[in-house]
Amino acid sequence: MLHATYVTQTFPNHTHDRFAVGIIERGALEFHYRGANIVAASGEINLCLPGELHDGHAMQSEGWTYRMFYFDPAIWQQIASEVANRTLGFPFFQSGVIRDEVLAQTIRRLHIKLTDTGQDLLDQDITLVNTIAQMILRHAENPPKIKPVRKDPHVISLIKDYMQTHYASHISLADLCRLTNISRFHLVHMFKQYVGLPPQTYLRQIRLQHAKDLLVKGETIAQAALATGFSDQSHLTRWFKRVWGYTPGLYSNLIQDN
């Protein structure tokens, strides 16, 4: 991943063996791509398929700022195949610029989330899968059709039980897929369809409740955070206040007063 500002930089013709995709945050990037001279302006998505020749320079004197991903193409092929529930090749995107404000902001949030070491691993995994799937479904040539989510209460119970047992650990989406033998894309959508919440939100609720229980027992906020899977005290405090409307410090004080 790259987050950079360039003003005078000029990139000569070159190729990548990875799939480059990102969002322009400020300014505008001009580049030659697939026989055309195109411009990616602020708020737009720019991309380059593996092996495609391209260059790059600022369109204006202010330069440009962007957030870029350089993906192993296999990740995109895998997720496209998971969506369709059959083996597909790497999804093809005709243009080097995509104008989609909603998706652009989704890509930006993903980039920020993946560079934040305080973020939950499961949340990062699911946001990554959902973002890639969304871009494939909205903008790839001949996008795959989503296979309907099969209903399986046993699978949901397995996931819930696993989270209740391992909530203090760094649970990944890969862990849940190995447990259930279901693809990442369909596991996430099945869980949300049944439970009404995505898996990362459900796991966070479990952690918050256990943290509350520890505070009642007299543990410090830092101890409660580390014991329940949060990265640190501020991580717990942020979510505690967002979900319940008050900080764990205030909650601890109320307990002591009573």
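Of all residue pairs spaced 6 or more apart or on separate chains, those with beta-carbon atoms under 8 Å, a first member in segment 9-32 that is on the phi > 0 side of the Ramachandran plot and surrounded by 12 or more Cβ atoms within 10 Å (Cβ to Cβ) and a second member that is outside any strand (DSSP E or B) and among the polar types (S, T, N, Q) are GLY27/SER42; GLY27/GLN60.
For segment 120-136, filtered to residues that are crowded, with 19+ Cβ neighbours inside 10 Å and among the acidic types (Asp, Glu), the residue that is nearest to the chain's Cα centre (by Cα) is ASP125. When residues in segment 72-86 are screened for being farther than 14 Å from ALA133 by Cα and touching a helix residue (DSSP H, G or I) at 6+ places or on another chain (Cβ under 8 Å), 0 of them pass.
Which of the residues belonging to segment 204-239 are over 19 Å from LEU122 (Cα atoms), among the charged types (D, E, K, R) and surrounded by fewer than 16 Cβ atoms within 10 Å (Cβ to Cβ)? Hits for segment 204-239 are ASP213, LYS217.
Residues in segment 50-69 that are farther than 20 Å from ARG138 by Cα and part of a strand (DSSP E or B): HIS54, ASP55, GLY56, HIS57, ALA58, TRP64, THR65, TYR66, ARG67. GLU82: surrounded by fewer than 17 Cβ atoms within 10 Å (Cβ to Cβ), more than 24 Å from THR15 (Cα to Cα) and in contact (Cβ under 8 Å) with a residue 40 or more places away in the chain, yes or no? No; evaluated as a whole, the condition is false for this residue. So for segment 161-168 (the condition being in contact with a Pro (Cβ under 6 Å, 6 or more places away or on another chain), in contact (Cβ under 8 Å) with a residue 24 or more places away in the chain and assigned to a helix (DSSP H, G or I)), does at least one residue qualify? Looking for residues that are in contact with a Pro (Cβ under 6 Å, 6 or more places away or on another chain), in contact (Cβ under 8 Å) with a residue 24 or more places away in the chain and assigned to a helix (DSSP H, G or I), one finds none in segment 161-168, hence no. GLY218 meets each of the listed conditions (1) small (Gly, Ala, Ser); (2) assigned to a loop (DSSP other than H, G, I, E, B); (3) in contact (Cβ under 8 Å) with a residue 24 or more places away in the chain apart from (3).
Of the residues making up segment 101-113, none is part of a loop (DSSP other than H, G, I, E, B), surrounded by fewer than 16 Cβ atoms within 10 Å (Cβ to Cβ) and touching a Ser or Thr at 6+ places or on another chain (Cβ under 8 Å).
Readers should treat all values here as calculations from the given coordinates under stated rules, not as data from a laboratory. Note that the structure is a prediction, hence the values are computed from the model and not measured. Virtual Cβ from ideal backbone geometry, glycine too; neighbours counted across all protein chains shown.
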